[in-house]
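The values are calculated or read from the model by the stated rules, or taken from the named source; none is laboratory data. On a predicted model such as this, the values are computed, not experimentally measured, just so you know. Glycine also receives a Cβ, built like all others from the backbone with ideal geometry; neighbour counts cover every protein chain displayed.
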Amino acid sequence: MPALVEADDLGLYVIKFRGAGQGTLALLAELVAGEIGRALGLRVPELVFIEVDAALGRNEPDQEIRDLLKASVGLNLALDYLPGSVMFDPAAGDDATPELASAAVWFDAFVTNVDRTPRNPNLLRWHRELYFIDHGAALYFHHKWQKVQEAALSPFAPIREHILLPWATEIEAADAEAHCRLSEKLFEEIANTLPDDWLRPDPGVPDPVAKRAAYRDYLSRRLEASSIFAKEAIRARAELV
């Protein structure tokens, strides 16, 4: 249950609450995937940390919303609001260039994002450009850290449902470009932005320091194995067309 809020900088943001759904794991996925997308040259709305004060929900009459606000006191995540943007819709004539579509398909396979389908594109057209939003369902490996090694080598079969797959004719080139743009150093920089209180203990990763290193190592291994999911995306497109 996101919400549109005005922050103390007078900007409008869509806030993702830590008290909703999958909690801080969704916020972690949003932040990590979003910054990787930006590094790949994709348009991702600015991501910011936003504090929710305990006073915000005290007079909220709706019980569900009041409970959500109470559970979200503290540090949350928000993205820049794009006024007047509309959802990407091929039925309305929307399309994408082969380069952009291929980069998007590679990106979503890399971060294992299951949420860029015709049912839920999570693509906004704003000022004639495509913006990539809502990555909270990505990086599903962090729901089960015991299988992190296996997850890094996943071909990611759900890529067959990607909404931009029909236009993605340059996946091999996108793979090569991604290796120029992404690195272990970048993954470490992104991991270092993750707040301590979002990084809860899991088996084998007991504290925030270990968690940040685990994210960095997973992403580095995933990049090294990119040919696995790139080939799967190419195969899926061949079957589609």
**Request:** Determine, yes or no, whether ARG116 is in contact with a helix residue (DSSP H, G or I) (Cβ under 7 Å, 6 or more places away or on another chain) and of a type in the set (Lys, Arg).
**Result:** yes
**Request:** Report yes if VAL114 is of a type in the set (A, V, I, L, M, F, W, C), within 17 Å of the chain's Cα centre (by Cα), surrounded by fewer than 19 Cβ atoms within 10 Å (Cβ to Cβ) and within 22 Å of PHE187 (Cβ to Cβ), otherwise no.
**Result:** yes
**Asked** Between a first residue in region 107-123 that is over 27 Å from CYS180 (Cβ atoms) and a second residue that is of a type in the set (A, V, I, L, M) and outside any loop (DSSP other than H, G, I, E, B), which pairs have beta carbons less than 7 Å apart while being 6 or more apart in sequence or on different chains?
**Response** PRO121/MET87
**Message:** Contact list please: Cβ distance under 6 Å, first residue in region 9-21 and β-branched (Val, Ile, Thr), second residue part of a loop (DSSP other than H, G, I, E, B), pairs at least six apart or on different chains.
**Reply:** VAL14/PRO2; VAL14/TYR81
**Residue check, ASP89 in contact with a Gly (Cβ under 8 Å, 6 or more places away or on another chain) and either among the aromatic types (Phe, Trp, Tyr) or surrounded by 13 or more Cβ atoms within 10 Å (Cβ to Cβ) (or both)** = no
**Message:** Taking the conditions exactly as written (under 30 Å from PRO2 (Cα atoms), without any contact (Cβ under 8 Å) to a residue 24 or more places away in the chain, buried (at least 20 other Cβ atoms within 10 Å of the Cβ) and of a type outside the set (Phe, Trp, Tyr)), does LYS211 satisfy them or not?
**Reply:** yes
**Item:** Matching residues, region 143-160, being out of contact with any helix residue (DSSP H, G or I) (no Cβ under 6 Å at 6 or more places or on another chain), modelled with pLDDT of 95 or more and surrounded by 15 or more Cβ atoms within 10 Å (Cβ to Cβ)
**Value:** SER154, PRO158
**region 17-51, residues that are of a type in the set (Gly, Ala, Ser) and within 13 Å of the chain's Cα centre (by Cα)** = ALA26, ALA29, ALA33, GLY34, GLY37, ALA39
**Item:** Some residue of region 81-93 being under 18 Å from the mean Cα position of the chain (by Cα), over 18 Å from PHE229 (Cα atoms), in a strand (DSSP E or B) and modelled with pLDDT of 95 or more
**Value:** yes
**Asked** Are any of the residues in region 187-194 out of contact with any Asp or Glu (no Cβ under 7 Å at 6 or more places or on another chain), under 17 Å from LEU42 (Cβ atoms) and outside any helix (DSSP H, G or I)?
**Response** no
**Complete:** Of ALA78, ALA20, the only residue that is over 27 Å from ARG128 (Cβ atoms) and among the hydrophobic types (A, V, I, L, M, F, W, C) is ALA20
